[in-house]
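Below you'll find the structure, written out as structure tokens, and then a few comments.
FYI, it's all coordinate maths here, none of it is from the lab. What you see is a predicted model, and the numbers here were worked out from it, not measured in a lab. Neighbour counts run over all protein chains shown; Cβ positions are idealised from the backbone, glycine included.
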Amino acid sequence: MLREELTEREFDKVSLPEERAAWLQKKANWIRLSAMTMTHHSKLGHTGGDLSSADILATLYLGQVLHVDPDQPHWEQRDRFVMSKGHCSGAFYSTLAQRGFFPLDQLKTFMDPLSMLNGHPDRNKVPGVEANTGPLGHGLPISVGMALAARMRNEAWRVFVLVGDGELQEGSNWEAAMCAQQYNLDNLTVIIDRNRLQQGDFTEKTIRMEPLADRFTSFGFAVKELDGHDHFALLDAFTRVPVETGKPTCFIANTIKGKGVSFAEGKPAWHHGVPSREQLELAKKELGVEVTW
Amino acid sequence: MVSPVAFENRGLEKHSLSDCREAYARALEEMAEEDGRVSVVINDSLSSAKMKNFKAKYPARFVNVGIAEQNMVGVGNGLANGGMIPYLCGASCFLAARAMEQIKVDLAYSNANVRICGMSSGMAYGQLGPTHHSIEDLAWMRVLPNMTVIVPADPIETAAVMRYSIEHKGPMFIRISRIPVRVVHSGDYKFTLGRAVTLREGDDVTLIANGVLVSRALDAADILASEGIQARVLNMSTVKPLDRESIVKAARETSGIVTVEESLVAGGLGGAVAEVLAVEHPAPMRMLGIPDTFAPTGTAEFLLDYFGLSVKGITRAALELAGIGA
């Protein structure tokens, strides 16, 4: 129901940054409630990460950062976005549907038998999905390959990849980071959903990520930290890539796992918590949106 | 990286043997010349994958990810997504094993147009030992949905498979041996996916082989013929999708089937053939290959003989099936 209200044309009509940010906030909250509704329906999902990544996804897709065409999901010149943290499929699918890649009412079928909406995204089934993710540490290597392809073809499209912070414990990411540096892939932007929690505990109590910015800097990235819930900051940053010519970009988006819903914020248990009907009602009130698909 | 392995060609004329790697490398260069989508990814395997010429001719379509196989496979997926046709060329032992989950998810599950060229597969690295052998790759690749698995027998077939690969939809694993072999196909050979090649007709017993062991199976058939036994020899270069029809036909028309492969028989060609026969036409079998063990120290030639993959070993197994000798 919100899609008509939030088309790209309308977004472009609004010129004041504050208004754009307020709009994206509303869209992000819709993504949050949609994802929680899906998880309530399927009794499976990853609420914490859905909520921490919603603002980033809304900004990329609905804030018109990504040059994509829902009517031609395979348009060759499209920007590529890879959802490396594929377990946050509730937020990702809600974003794709909101952007128009498939009808909103498909979201009702999340994880139902034979639904195209598997627990983790499948590019051969879901329009708009670029890579089959789920196991962690796959998205960045794939994105490096995409960025290399754009280079080989001398094409201007760009690659954005959203990774979790705990995910960076997978060594494959650092293989890919070295490769991105070696090939000066400034058409590649890595966004880290730095919510400081992984499945079992806080990242810093598990295998610590800090000094994360220094690590990416030393791997040859131009690194910027920002508030991953500040739409104005996200939009500004995403539309100014690369941060430095000749270097891949890394945005460390500081986020709160479970953001926007009081009972889930910062709670490790909400990594894959399933909201009850009452909790869903409370979330709806707190987020100030409605989901009617 | 590994050092080159000397290979002794006992009992065979050296000038008549050649290495499939040259044919694969030359084919890739020609394909790149004709099609701008052909690209190569190596893992520091410039010389072991014979890619020096390719790199010199097409530097913009050549990526060396360094010693990093997980990234290598992901990069392959990304290149394919971006419209390229990537060939991932590296020693099979490292590529297949280290990056198995990436191969499963990024290539097989994603059904990506990526080709893995598993170099120096089987026991070609001989005395470098089981870390450098790739006797498990056929079993690992064969169980992956969407994955096509091909083991060319000689340089002519290797070049033909490479040519075919450019049109194929979905991921492929192509095993490229470094063990010198005799040419078994004629110059006008055309590769057809999923079709066994009958290299010799015969109705007494069937030898199903692939890779470097096809020429040995043919030699065994010569010896069998001198004993009055006509062996049918099938080159089963496509391990997946398997030519079920030829297998069942052979089971019907001959007294039994000997499979001959340079890999673990469990899950390999032997396993694949047995799966077909068990369901469609149970028949006596001998499965020659590597049993449930890692190889001892030895040259590739020594190890092939050690595991009964010699002309003599193949002949003996066929005689048993034909009901002669023991």
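So the values come out like this:
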quantity	calculated
Gaussian network model of chain A, Cα within-10 Å springs - most flexible of A:A28, A:A58, A:A283	A:A283
Fraction of alpha-carbon pairs over 16 Å apart in region B:259-314 - percent	44 percent
Difference of contour (0.36 nm per residue) and Cα-Cα distance, A:E76 to A:F232	53.2 nm
Extension gain, B:T131 back to B:E275 (0.36 nm per residue minus Cα-Cα distance, nm)	49.0 nm
P(r) weight above 14 Å for region B:32-108, C-alpha pairs, percent	56 percent
GNM result for chain B, Cα springs below 10 Å: residue of B:G256, B:G82, B:G289 fluctuating most strongly	B:G82
Helix B:244-253 vs. chain B, principal-axis angle (Cα, 0 to 90°, nearest 10)	10 degrees
Rounded if a/c under 1.5, otherwise prolate or oblate - region B:16-182, Cα gyration tensor axes	rounded
A:V274 versus B:A56: modelled label distance in nm, points set 7 Å from Cα along the beta carbon direction	6.3 nm
All Cα pairs of chain A, percent lying beyond 25 Å	42 percent
Region A:1-121: C-alpha gyration tensor shape, a/c 1.5 cut-off, then a/b vs b/c	prolate
Cysteines not pairable in the protein assembly as shown (beta carbon separation under 4.7 Å absent)	A:C88, A:C179, A:C250, B:C20, B:C93
Kirkwood hydrodynamic radius (C-alpha pairs) into Stokes-Einstein, chain B, 10 °C and 1.306 mPa s, D in µm²/s	81 µm²/s
Stokes-Einstein D (µm²/s) once Rh is taken as the Kirkwood radius of region A:212-293 over alpha-carbon pairs, at 37 °C in 0.692 mPa s	215 µm²/s
10 Å Cβ neighbours from other chains, averaged over peptide B:97-109	3
Difference of contour (0.36 nm per residue) and Cα-Cα distance, A:K267 to A:D12	88.1 nm
Anisotropy class of region B:168-326 from Cα gyration tensor, a/c 1.5 cut	rounded
Residues of type lysines that A:K259 reaches as a straight line, Cα spacing below 16 Å, ignoring anything fewer than 8 places off in the same chain	A:K26, A:K27, A:K267, A:K284, A:K285
Scattering profile of region A:12-69 at q = 0.21, 0.24, 0.30 Å⁻¹ [log10 I(q)/I(0), Debye over alpha-carbon scatterers]	-0.80, -0.93, -1.15
Most fluctuating residue given options A:L66, A:L16, A:L104, as computed from a GNM of chain A linking Cα atoms under 10 Å	A:L16
Residue-count net charge about A:F81 - beta-carbon cut-off 11 Å; Lys, Arg +1, Asp, Glu -1	+2
Radius, Kirkwood style, for the protein assembly as shown when every pair of distinct Cα atoms is counted (Å)	26.1 Å
Contact order normalised by residue count of region A:114-189, Cα under 8 Å, 6+ apart, percent	29 percent
